[in-house]
Amino acid sequence: MAVKDRLSGNEAVAIALRQIDPDVMGAFPITPSTEIPEYFSQYVADGLVHTEFVPVESEHSSMSVCIGAQAAGARAVTATSSCGLALMYELLYVAASCRLPITLACVNRALSGPININNDHSDSMGARDSGWIQIYAENNQEVYDNFLQAMPIGEHASVRLPVMICQDGFITSHAVENITLLEDDEVRRFVGQYCPEQYLLKADNPLAVGPYDISAYYMEHKKQQAEAMKNAKQVILDVANRFEALTGRKYGFFEEYQMEDAQVAILLIGSSAGTAKVTADHLRSQGEKVGVIKLRVFRPFPMEELASALSHCKVVAVLDKCEGFSASGGPLFAETRSALYDLDNRPQLINYVYGLGGRDIHVGHFEEIYHHLFKIVSTGQLGERYIHLGQREA
């Protein structure tokens, strides 16, 4: 039976962790993810879980704990943000290359410098090529639902990759929303037990984890990782189908909103999608054919599926909540532009970088973007392709 509650995104993750009851948590505080290990440590202290809670001296160490535990055959979790994720950088690659399906709650926050504790996606996007599956949430319900789906995805025999569940710092992590929880026994049945085929404590079959990999083998192992990321696409959909059967809540690689006959569209990630949808509804009421695509899964990137969803549009604005410093646009823009390349009739594409360091974006901004897209349609003039939205001098 579903349980109704009012929770912040951080509370929702902590409750999901309590329901899953992982074997080990490596924990080090950093704003705005600190509440997750705080709430969960109380569950540990109260005896509501059997988790070995390991407080450490840095985020680098918390990921080291998770790597050691997962390699030994345990289910390991952690949470972090911003510079904490950056401090884990070396070990993110180790976890993925060792095929250890650790689950990490990433509460997105701007990276220094200058120092900033507010939301953007520069932390997780900086780790986009580390080999981790990345799934993003718009709201608190999605944060909870995504976390429950993470372990069945990452631990699948054809995948065995770590999973990063991302939510927008302070926007979803601390704001309180109505949320529907599953019963504890439903969660445990859905997530299942972690039963790795090989692990360090399996005495009858000794193995090494993370040894030196000479050039005669290294490339083959990277190919195996690449194939695992490809395999994750189908597993993500299969797990989502199981989740829909259990809850009625449907998930995929992305959500299409008002896209059936959209001439222009906005593509973006995270909580700002809610504001984009409100704007789309308002403009639809005035007869404007606008749509929104909210990307949920960034790794593996759903290239073919996204190209198909955008193929009938005339112009699309891709919104990046981080800077790529490529001098030609953000990472979501680059990925999307590549995805559209093989279309015979592809839409024009422009990039807006927005929300850096918590800079606000509101309905008026989205209306401005849509009007810009229609101007491109009517004039045929693309103009500047790489734009920073909300700059004071503008």
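Derivation of every value follows stated rules applied to the coordinates shown; laboratory data play no part. None of these values were measured; they are calculated from a predicted model. So basically every Cβ, Gly included, is an ideal-geometry build from the backbone, and we count neighbours across all protein chains shown.
Between Val209 and Asp344, what is the label-to-label distance in nm when each label sits 7 Å out along the Cα-to-Cβ direction?
5.1
Could you point to the residue in Ser41, Val290, Pro300 farthest towards the positive end of the chain's charge dipole, with +1 and -1 charges on the Cβ of Lys/Arg and Asp/Glu respectively?
Val290
Using a 7 Å offset from the Cα along the Cα-to-Cβ direction at both Asp360 and Arg385, what is the distance between the two label points in nm, to one decimal?
Taking the simple label geometry, Asp360 and Arg385 are separated by 3.3 nm.
In degrees between 0 and 90, to the nearest 10, how far off the longest principal axis of the chain does helix 59-71 point, with axes built from Cα atoms?
Here the helix axis deviates by roughly 60 degrees.
Kindly state, to the nearest 0.05, the FRET efficiency for Glu52 paired with Glu393, given R0 = 45 Å and r defined as their beta-carbon distance. The partial results should precede the final answer.
On the way: r = 52 Å, r/R0 = 1.16.
FRET efficiency, Glu52 to Glu393: 0.30.
Past 20 Å, Cα to Cα: identify those pairs from Lys250/Lys277; Lys230/Lys321; Lys314/Lys375; Lys294/Lys314; Lys4/Lys294, in the order given. Intermediate results must be reported in sequence, preceding the final value.
On the way: Lys250/Lys277 18 Å; Lys230/Lys321 25 Å; Lys314/Lys375 11 Å; Lys294/Lys314 18 Å; Lys4/Lys294 25 Å.
Over 20 Å Cα-Cα: Lys230/Lys321; Lys4/Lys294.
Using the charge dipole of region 254-388 (Lys, Arg: +1 at Cβ; Asp, Glu: -1 at Cβ; taken about the Cα centre), state which of Phe374, Phe325, Ser338 has its Cα farthest towards the positive end.
Phe325
Assign one of three labels to region 254-388, namely rounded, prolate or oblate, based on the Cα gyration tensor with a ≥ b ≥ c the square roots of its eigenvalues; rounded applies when a/c is under 1.5, prolate when it is not and a/b is larger than b/c, and oblate otherwise. Provide the component values of the computation, followed by the final result.
Working: a/c = 1.23, a/b = 1.06, b/c = 1.16.
Rounded, since a/c falls under 1.5.
Please compute, over every Cα-Cα pair in the chain, the percentage with a separation greater than 38 angstrom.
On the way: 14268 of 77421 pairs.
Roughly 18 percent, once rounded to a whole number.
Can you give the charge dipole size of region 254-388 about its Cα centre, rounded to the nearest 20 debye, using +1 on the beta carbon of Lys and Arg and -1 on the beta carbon of Asp and Glu?
Working: 13 positive and 17 negative charges, 38 e Å.
Roughly 180 debye for region 254-388.
Residues of region 53-88 with the amide nitrogen closer than 17 Å to a label point 7 Å from the Cα of Gln224, along Cα-to-Cβ, please.
Only 71-73 fall inside the zone, counting backbone N under 17 Å.
Only Cα pairs under 8 Å and at least 6 apart count here; give the relative contact order of region 258-394 as a rounded whole percent.
Values: 225 pairs, mean separation 36.0, N = 137.
In percent, rounded to a whole number, it is 26.
Using only Cα atoms, tell me the angle between helix 9-20 and the longest principal axis of the chain; keep it within 0 to 90° and round to the nearest 10.
For 9-20 against the chain, the angle is about 40 degrees.
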